[in-house]
6 protein chains.
Amino acid sequence: MKSVVISLGGSIISGDRLDIGFMKRFSNMMEQSRAFGKVGIVVGGGRLARNYISDLRETGTNDIILDEIGINATRMNALAMTTFFKNCNLKIPTTINDAAELSSNYRFTIMGGTEAGHTTDTVAALLAERLGAKVLINATSVDGVYTDDPRTDKNAKKIGNMTYDEAIALSLKKSIGAGPNVFMDLTSLHIAKRSGIRIFVIDGRKLEDYASIVEHDTCTGTVIL
Amino acid sequence: MKSVVISLGGSIISGDRLDIGFMKRFSNMMEQSRAFGKVGIVVGGGRLARNYISDLRETGTNDIILDEIGINATRMNALAMTTFFKNCNLKIPTTINDAAELSSNYRFTIMGGTEAGHTTDTVAALLAERLGAKVLINATSVDGVYTDDPRTDKNAKKIGNMTYDEAIALSLKKSIGAGPNVFMDLTSLHIAKRSGIRIFVIDGRKLEDYASIVEHDTCTGTVIL
Amino acid sequence: MKSVVISLGGSIISGDRLDIGFMKRFSNMMEQSRAFGKVGIVVGGGRLARNYISDLRETGTNDIILDEIGINATRMNALAMTTFFKNCNLKIPTTINDAAELSSNYRFTIMGGTEAGHTTDTVAALLAERLGAKVLINATSVDGVYTDDPRTDKNAKKIGNMTYDEAIALSLKKSIGAGPNVFMDLTSLHIAKRSGIRIFVIDGRKLEDYASIVEHDTCTGTVIL
Amino acid sequence: MKSVVISLGGSIISGDRLDIGFMKRFSNMMEQSRAFGKVGIVVGGGRLARNYISDLRETGTNDIILDEIGINATRMNALAMTTFFKNCNLKIPTTINDAAELSSNYRFTIMGGTEAGHTTDTVAALLAERLGAKVLINATSVDGVYTDDPRTDKNAKKIGNMTYDEAIALSLKKSIGAGPNVFMDLTSLHIAKRSGIRIFVIDGRKLEDYASIVEHDTCTGTVIL
Amino acid sequence: MKSVVISLGGSIISGDRLDIGFMKRFSNMMEQSRAFGKVGIVVGGGRLARNYISDLRETGTNDIILDEIGINATRMNALAMTTFFKNCNLKIPTTINDAAELSSNYRFTIMGGTEAGHTTDTVAALLAERLGAKVLINATSVDGVYTDDPRTDKNAKKIGNMTYDEAIALSLKKSIGAGPNVFMDLTSLHIAKRSGIRIFVIDGRKLEDYASIVEHDTCTGTVIL
Amino acid sequence: MKSVVISLGGSIISGDRLDIGFMKRFSNMMEQSRAFGKVGIVVGGGRLARNYISDLRETGTNDIILDEIGINATRMNALAMTTFFKNCNLKIPTTINDAAELSSNYRFTIMGGTEAGHTTDTVAALLAERLGAKVLINATSVDGVYTDDPRTDKNAKKIGNMTYDEAIALSLKKSIGAGPNVFMDLTSLHIAKRSGIRIFVIDGRKLEDYASIVEHDTCTGTVIL
């Protein structure tokens, strides 16, 4: 049994409405599997946050306020997620330290964002570091890291393995060019690098990948190490 | 200049998306009017909260968790609202006491919900009590209190004035029968009654009503006193 | 073993002085009984709070400040109560969420009030909701709900069973007329109703009633369901 | 105008009931005098706390819990006191730092105890230190420091002036012998000594002494310097 | 008068011991200049933090704990700095939001780090964003950004102006190769970029540069824009 | 197995640099011994704090700010210490209550100071009181309490046993004369006295003394009881 932290992209659990079916399947799979030790789950904001933020950004709203609004949305999603788990925290922690303390009491510790300037991917990397977990699963709506955006570029290829430095270079290239379409932000990659946390970028809806990562160290997505 | 607290229904500022036009008009009106002294604005959750809550309620989610999810939504709305004011708090207070302390520094104090079990109407009544404000404007999407639901009953009549006890009896009658369609919850009415806070229930989009209430003690909606 | 939340009226544990004898008998009974699972105990303010509040009310003090003063008194009583239990929290939680997290570590979670505008009965109802407890024992100084005030009306009759709506109607009727002599406030009744929490109103000094409620679903007082 | 901190003994404001008459006279005097700059007022627990604590001490309750119960009582008294001031904080700070920040916004900052192990005299000394106030008025129910207990020893003489070290020696002698009848605890005297804060021990009900201390550096009680 | 945030490198104020002479000169200059509006000062950890962290890193200590230890050191430095200012906060805020609220009360708001994973440069960028400041002064022990490390490479040249993207590319290149010798971390550069905050990297001991930046938009170091 | 609280002097773990070798030996000894039940460890500030404080004191800095700076240093040391224990808290508690709650989850609870005006010896005494521990080990750099300062007075003799009142008298005598060279401050001695907590003053580097105290009630230093 290994400790693992999952960065669960908000787009996996909420489109126009919450995807309650997925939340049930995901929590059932997690609770019934014996592969996992202590699990941290950091839930993103998803479309809910994005709509708010894009509407306000047009009016010139301060980015740090947009970050904070987004953090509230992640906490709504995290609260919703707790209702599908039996052995998890009841209160959503707002710092890594509080999350770490809660993980002494529960098998699953569920949270959202912590502070403006940190993505939920970065929160997940910090939580992994704090818990001593060496596996970080980045569960997104794309099935891995691609050389280019697979939705617009037919020649984009999925990358099987990459080093932290390659991932950082790719994340940087995308963030300078394209804006928010980064597979993972630089801070989270740096934290994973400094602590040797292996990152698995997967399509979060493929439930069989989660246990496969913990048990066999493989996934159908991309491994960064 | 009178102190006033406004309970701004979430449905006034957000339908499928934020109604940024209204938020600008509302904040302009408030900032430019000289009628108002210290102003507390308690923003509701609106459709954003309602969708989340109705989806989760169907799965049997604990009501107190639904309340908490709703409170997060009110804070998102409150944060969004702060971006349209110049002289207001930067941090959304999470207790009435913190809101009261902030009101020493700002003309406008903007917040959302505080704790499960309290509606934003109740938060507004408590804030009015704490600030010593004797006017509470309940800005909703209906233009006053009706004898029955005006959307379904053609004979429903708008009530011009009513006593606290009449309002309590009507709120109770509706809450037993119909569910969430209460114009104002019982706790907020009790608080207003115990402290003699006059309530004005108005269509929140009629901007001319706000100053009229403070200056002339009248509105196009319903007065509870 | 069932989870249960007890709203322990302050008048049960303190008259002019603390009733330490009762506190010992109560805690012994609770700790030795095997009927109870997780137990939440919400302690009221009692005479201590009432004297302060009535003296200050005459000088025109803001009701919300009186509420806060009362909350401090409930926390004094809750702290005192913790000293008679072995397996209970050391720190008095100030929110329902903190109480819920503490209940992971202890068999007994003891607290007072949380926020102005909430009675300790409401706190107890919210705590029951948060813990998933379906039994709320309202331990008062009267042995049930009466049709009228039994101290002044000889024809007042104790009610054996009543529905939530009947209880709400009765609470409302009393709160409009008489002031503080309500057996249970409307908000707590609404919360119990929305979550199907059965309420047992008993004379809190009759120690045999507590286990009887949990084991046999009966008491010598009034059941609201 | 000088900054000053007042340690207002609980026995001055509450006997069996709150002495509301005194609270009004005291606050009127303070608000109308032009002698005072920023004022910190630390309110003690008085008889309310003492009764609770003595009843519980007999049952063997942990002293630190008794301290905490006492701190709650001081906050009730502090809250009550705020209602008689116009330009003071609304929320009772629970740390010296929070009190210091509040004093930027208000002329009067009112608080009770902070943490177990600290008397309100010590809190007052720390607050004086934090605010840079060089005057600490210890307003008690005795009119100064005596060589012995004036209630039991007819030969006890009031001391006009004494050094910090003499005060420390006297406080120590009394605390070893007699228990709680110390005029001021050692920690508060040490803090006053290290920062050169002049202490005036007065009968708190003699309202003319307060301004006299600030304006003329004299009082009818005892000066420690 | 412009708002400005200064990221004051710990190495500027503390070598083996605190450089109290510099702290006095710096605070005098800031308080006497009329060039500055609201000023945020984020103080780094300096050698104090570095020694602790390097000793512990060798024993394999978790990086996030090292971050936290470093944050404590920044708060010690920030506290020390407050003692040289007259119109500044007394309590060191631990979040950007609390800092922003404090800045309503004071001309100077002084703080250290906030949360593991954020450098004090990033805290400074976030604070600038929150306060709406468009100028961020990065006061370091090197007099600007160089093409290479000037201490080891004689051909290293100081860069006068660079774009955000050039700065990001240079920071990335250095962070992959060299470790901690980065002039500014990526997250802070990204935040400055997204909000159009101009960065001035200067030798923090050259006191004439601070006002020159605010008044004339120039400095002897490097401008990133 | 007995509960015990250790006040671990900062000078034991840090001179110019952290003494990592000692920290490892100390934690190994503690974790492997079966003598101890629940253990609280309160870590002091050591030379790190002292240098900062002495430099700032010369500039006239407020003592309470120096206390706060010292408290930050104790927390750095406490964080460092946690990294050498397996079954201990992850977050450093900042109040006695929080520490007490953490001790429900862990065998070892590690913390630093709590609030200005309290030494870490006093924090240790309060923690012992809160946890019901009857043994307080004061681990210092001197091997017991001496009649005079053994570094300067050759005739100074180590005291084997002393009463609380003797210890208080000696502490007082030293604190009036010499300044900071007190073996234990008065407040901590008073707390130990009021709760009957036996104090063992030892040279903290003599690892065999710790278990000997718990198992055989003896040590090579001084016992206060």
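No lab work stands behind these numbers, since they all come straight from the coordinates. In this text, all values refer to a predicted model and were calculated from it rather than measured experimentally. Heads up, the Cβs are rebuilt from the backbone with ideal geometry, glycines too, and the neighbour counts pull from every protein chain shown.
From zero outward in steps of 5 Å, how is the percent of C-alpha pairs of segment E:34-81 spread across the bins?
Histogram of Cα-Cα distances, whole percents per bin: 5, 21, 25, 17, 12, 8, 5, 4, 3, 1.
Over chain C, consider all pairs of different Cα atoms and compute the Kirkwood hydrodynamic radius from their mean reciprocal separation; express it in Å, one decimal.
Taking every pair of different Cα atoms in chain C, averaging 1/r and inverting gives 17.4 Å.
Name the long-range amide H neighbours of E:Ile41: under 5 Å, sequence gap of 5 or more, or other chain; modelled H, no Pro or chain starts.
Close amide H contacts, sequence-distant or interchain: E:Ile6, E:Thr109, E:Ile110, E:Met111.
Which pairs, out of B:Lys174/C:Lys193; D:Lys193/F:Lys154; B:Lys174/B:Lys206; A:Lys154/A:Lys206; B:Lys91/E:Lys38; A:Lys174/E:Lys173, put more than 20 Å between their alpha-carbon atoms?
D:Lys193/F:Lys154; B:Lys174/B:Lys206; A:Lys154/A:Lys206
What FRET efficiency, computed as 1/(1 + (r/R0)^6) with R0 = 56 Å and r the Cβ-Cβ distance, is obtained for A:Glu215 and C:Arg17, rounded to the nearest 0.05?
With R0 = 56 Å, the Cβ-Cβ based efficiency is 0.30.
Determine the dipole magnitude for segment D:2-224: charges of +1 sit on the beta-carbon of Lys and Arg, -1 on that of Asp and Glu, nothing else is charged, the reference point is the Cα centre, and the result goes in debye to the nearest 20.
For segment D:2-224, the charge dipole is close to 580 debye.
Per DSSP H run of at least 4 residues, take -39500 (n - 2.57); add these up for chain B, divide by its residues and hand me the 222 nm value, nearest 500 deg cm²/dmol.
-14000 deg cm²/dmol
With +1 on each Lys and Arg Cβ and -1 on each Asp and Glu Cβ, how big is the dipole of segment F:1-101 about its Cα centre, in debye rounded to the nearest 20?
Dipole size: approximately 580 debye.
Between beta-carbons, use under 15 Å as the cut-off and find the net charge around F:Ala139, counting Lys and Arg +1, Asp and Glu -1.
Value of the local net charge: -2.
With just the Cα atoms defining each centre, how far is segment A:155-225 from segment D:125-144? Give it in Å.
Spelled out, the Cα-based centre of one part sits 61 Å from the other.
What value in Å³ per residue do you get for the convex hull of the alpha-carbon atoms in segment F:1-111?
88
Please work out whether the protein assembly as shown counts as rounded, prolate or oblate from its C-alpha gyration tensor, where a ≥ b ≥ c are the square roots of the eigenvalues and a/c under 1.5 means rounded, while otherwise a/b larger than b/c means prolate and anything else oblate?
In terms of gyration-tensor shape, rounded.
On the rotation axis linking copies A and C, which residue of A comes nearest by its Cβ, and by how many whole Å?
Chain A residue with minimal Cβ-axis distance: A:Asn105, 4.
Among rounded, prolate and oblate, which fits segment B:129-220 when a ≥ b ≥ c are the square roots of the eigenvalues of its C-alpha gyration tensor, a/c under 1.5 means rounded, and a/b larger than b/c means prolate?
Cα axes put segment B:129-220 in the oblate bin.
Farthest toward the dipole's positive end in chain D, which of D:Asn161, D:Asn51, D:Ala133, given Cβ charges of +1 (Lys, Arg) and -1 (Asp, Glu) about the Cα centre?
Projecting each Cα onto the dipole axis, the largest value belongs to D:Ala133.
How far is A:Gly15 from the same spot in each other copy, in nm, shortest first, if each label point sits 7 Å from Cα toward Cβ?
2.3, 6.5, 6.8, 6.8, 7.6
Using R₀ = 45 Å, calculate the FRET efficiency as 1/(1 + (r/R₀)^6) where r is the Cβ-Cβ separation of E:Met1 and E:Asp153; round to 0.05.
0.65
How far is it, in nm, from the label point at F:Thr94 to the one at D:Lys86 when both lie 7 Å from their Cα along the line to the Cβ?
It works out to 3.6 nm between the two label points.
What share of the DSSP beta bridges in the protein assembly as shown is antiparallel, in percent to the nearest 5?
Restricted to the protein assembly as shown, the bridges split so that about 20 percent are antiparallel.
Measuring from a point 7 Å out along Cα→Cβ, what nm distances, shortest first, does A:Pro150 have to its partners in the other copies?
For A:Pro150, the inter-copy label distances come out at 4.8, 5.4, 7.2, 7.2, 8.8 nm.
Ratio of Rg to Rh for segment D:87-177, alpha carbon only, Kirkwood?
1.05
Distances from F:Lys173 to the same position in the other copies: list them in nm, one decimal, shortest first, using label points 7 Å from Cα along Cα→Cβ.
Reported distances to equivalent positions: 1.7, 7.1, 7.8, 7.8, 8.5 nm.
Just check segment C:66-109 against the gyration tensor rule for me: Cα atoms, a ≥ b ≥ c as the square roots of the eigenvalues, rounded for a/c under 1.5, and otherwise prolate or oblate depending on whether a/b exceeds b/c.
Oblate, because a/c is 1.5 or more while a/b does not exceed b/c.
Span-like helices, chain F: DSSP H, alpha-carbon axial extent 24 Å or more, mean Kyte-Doolittle -0.5 or greater, which ones?
Membrane-span-like by this criterion, though nothing is claimed about a membrane: F:63-82.
Find out how many positive minus negative residues lie around E:Glu101, taking Lys and Arg as positive, Asp and Glu as negative, among other residues whose Cβ is under 13 Å from that of E:Glu101.
In short, -1.
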